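The values are calculated or read from the model by the stated rules, or taken from the named source; none is laboratory data. For clarity, every value in this text was computed on a predicted model and none was experimentally measured. FYI the Cβ positions are ideal-geometry reconstructions off the backbone, even for glycines, and counts take in every protein chain you see. To get the accessible areas, we keep the full protein, side chains included, count just its heavy atoms, and leave off ligands, DNA and RNA. Shrake-Rupley method; radii C 1.70, N 1.55, O 1.52, S 1.80 Å.
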Amino acid sequence: MRKKIVAGNWKMNKTFQEGVDLAIEIDKLYAESGDKNVKVIVTPPFTHIAEVNKVVNNDLISVAGQNCSTETSGAYTGEISAEMLWSAGADAVILGHSERREYFGETNEMLNTKVKKALEFNLTPIYCIGEVLAERESGKYFDVIKEQLQTVLFDLSVEDFSKVVLAYEPVWAIGTGKTATPAQAQEVHKFIRDLLKEKFGAAADNTSILYGGSCKPDNAKELFANPDIDGGLIGGASLKAADFMGIINAF
Ligand code: PGA
């Protein structure tokens, strides 16, 4: 059975102490909540990872990075390697977020390398895909998503593929307050799973596919109720412990 996952993407928010305090609050609220059938991930800025990892119960909450380098190590000023993330206590990494694609020129080719680097150093890649508004409106979104999947994941072995988590994030819904309707999201999630099944067979039945894009406590339940939506990648609403818990509790 595939895992239910709720991952908070803090982006470039929270000072060190604010981040540690948020992690402590999330940890406390989750420890007190009844059902713990959801894998909870928090994704602070790099500088906070080691400390956040210390203050949460690692059996309940995992810590992830927001990006990693295409390179293993060496003279790449400002870069953070997959191995560094792992050594600081992360066990996953978000890759290909639309903000990385748009503002930092990340291509599918680079992301193919990053996914492999993450796997090499025992990090779960949380690979993000999704279309921009013009691609949605012109009806090209299936082609865009297909390309993002084929070019980045299709040369993995089934064994490596089975370690990957997907996040479908329609770019027009990120941080805009505009959510994809549950039907729109399910349509794409099913499309993604069918494509993955064609390539990787039954392994795709166990792949968690998260929805991202203005997911909030008040719309999470109807999104998560769909058969191919296995959780959420949460931006804005992950910055407040109570809102983040509201989404976790939507399962
Ligand atoms: P949002 O961000 O929840 O603020 O829309 C989602 C994301 O970018 O992962």
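Brief remarks on what is shown
- Residues of the stretch 117-135 satisfying the condition of being within 16 Å of the ligand (Cβ to nearest atom), open to solvent by less than 30 Å² (accessible area, probe 1.4 Å) and not acidic (Asp, Glu): 125, 126, 127, 128, 129, 130
- Annotation note: of 219, 206, the sole residue that is under 30 Å from residue 27 (Cβ atoms), more than 11 Å from the ligand (Cβ to nearest atom) and open to solvent by 10 Å² or more (accessible area, probe 1.4 Å) is 206.
- Scanning the stretch 221-251 for residues that are hydrophobic (A, V, I, L, M, F, W, C) and in contact with a Phe, Trp or Tyr (Cβ under 8 Å, 6 or more places away or on another chain) turns up 223, 224, 229, 233, 234, 237, 239, 245, 248, 250, 251.
- You will find that of 231, 236, the residue that is on the phi > 0 side of the Ramachandran plot and open to solvent by less than 70 Å² (accessible area, probe 1.4 Å) is 231 and no other.
- Residue that is surrounded by fewer than 19 Cβ atoms within 10 Å (Cβ to Cβ), more than 14 Å from the ligand (Cβ to nearest atom) and not in a helix (DSSP H, G or I), where the choices are 191, 251: 251
- Qualifying residues in the stretch 148-183 (those that are charged (D, E, K, R) and within 16 Å of the ligand (Cβ to nearest atom)) - the one farthest from residue 7 (Cα to Cα): 178
- Selection within the stretch 38-53 - open to solvent by 30 Å² or more (accessible area, probe 1.4 Å) and among the β-branched types (Val, Ile, Thr): 47
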